Amino acid sequence: MLHEWIPREFAFLDAHVPTLFVAFLLAAAAIWLLDKWLAAWAIYDLVWYPALLRVALFFGLFSVFGLMVY
């Protein structure tokens, strides 16, 4: 399984950083790209509150990445 080879934390500049921080950064980068794509296709014109959709997509994707770690 994927979670067997992912460490729980790693050293970055002599500080232990949890793997969820990397998942957070990956989710932020993925949402940034997805946001550009959704804006280009005018999907945000179809939703009631675009900022809420952005936050919901981010937390959903971050949860998926977090579940892959643990």
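The values are calculated or read from the model by the stated rules, or taken from the named source; none is laboratory data. Values in this document were obtained by computation on a predicted structure and should not be read as measured data. All Cβ positions, even for glycine, are placed from backbone atoms using ideal geometry, and neighbour counts span all protein chains on display. Accessible surface areas use protein heavy atoms only, side chains included; no ligands, DNA or RNA. Shrake-Rupley method; radii C 1.70, N 1.55, O 1.52, S 1.80 Å.
Summary table below
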quantity	calculated
Residues located in the stretch 14-33, provided they are over 8 Å from the mean Cα position of the chain (by Cα) and either surrounded by 15 or more Cβ atoms within 10 Å (Cβ to Cβ) or outside any strand (DSSP E or B) (or both)	Asp14, Thr19, Leu20, Phe21, Val22, Trp32, Leu33
Hits in the stretch 34-54 (condition: hydrophobic (A, V, I, L, M, F, W, C) and loosely packed, with under 12 Cβ neighbours inside 10 Å)	Trp37, Ala40, Trp41, Ala42, Leu46, Trp48, Ala51, Leu52
Inter-residue pairs, beta-carbon under 8 Å, first free of Cβ contacts under 8 Å to residues at least 12 places away in the same chain and in the stretch 35-48, second open to solvent by less than 60 Å² (accessible area, probe 1.4 Å) and not in a helix (DSSP H, G or I), 6+ apart	none
